[in-house]
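Colleague: Have a look at this one before I ask anything.
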Amino acid sequence: MSSRSTLWRLAGVAFLLINLLGGVYAGITEDWTHAAVHIGLLIGAYVAWPFASRAAREDQPNALPADDRIEYLQQSVEAVALEVERLRQAQRFNERLRADQVENSDRGR
């Protein structure tokens, strides 16, 4: 489990305990509005929890392991480098042709 998920679990437990104990305290002191707020927060968190966990699962890409991704990236970079080298060769060839044409046209005059 990553440290980020551990922190979120701790925050969730703290939220639960604070609202449970706050609701109990508000009930003991007969402050019913205060107790209703704590109960509402607990119910809201209970209803929102499945949506949050589903969204977190959907946000995770179906990614390859890190080694496979790095290898794929290396292959992509090598393919781009090969294409760039081909373009350079074509450009040098075109420049040589132009130079030859200019040289031949100068001789013809």
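Colleague: Once the Cα atoms of helix 3-28 and of the chain are each reduced to a long axis, what angle between those two axes, in degrees from 0 to 90 to the nearest 10, is obtained?
Modeller: For 3-28 against the chain, the angle is about 20 degrees.
Colleague: With a cut-off of 8 Å between alpha carbons and a minimum separation of six or more residues, what is the relative contact order of the chain in percent?
Modeller: Relative contact order comes out at 14 percent.
Colleague: Here's a follow-up. Between helix 32-59 and the chain, what is the angle of the helix's C-alpha long axis to the longest principal axis, kept within 0 to 90° and rounded to the nearest 10?
Modeller: Roughly 30 degrees, rounded to the nearest 10.
Colleague: Also, I was wondering about something else. Sorted by packing (mean other beta-carbon atoms within 10 Å per residue), highest first, where do 30-37, 86-93 land?
Modeller: Highest to lowest by the protection proxy: 30-37, 86-93.
Colleague: Quick check: the distance between the Cα centres of region 13-37 and region 81-96, to the nearest angstrom?
Modeller: 74
Colleague: Right, next: Evaluate 2.2 N^0.38 Å with N set to the residue count of the chain, then give the Cα radius of gyration divided by it.
Modeller: Normalised Cα radius of gyration, the chain: 2.58.
Colleague: So how tilted is helix 66-108 from the main axis of the chain? Cα-based, degrees 0 to 90, rounded to 10.
Modeller: Once rounded, the angle reads 30 degrees.
Colleague: Subtracting the Cα-Cα distance from 0.36 nm times the residue separation, let me have the gained length for Gln89 to Leu73 in nm, one decimal.
Modeller: 3.3 nm
Colleague: Once you have a ≥ b ≥ c as the square roots of the Cα gyration tensor eigenvalues for region 1-60, tell me rounded if a/c is under 1.5, and otherwise prolate or oblate according to whether a/b is larger than b/c.
Modeller: The shape class here is oblate.
Rule-based calculations on the coordinates, nothing more; no lab input. None of these values were measured; they are calculated from a predicted model. Cβ sites come from the backbone with ideal geometry, for glycine too, and all protein chains shown count toward neighbours.
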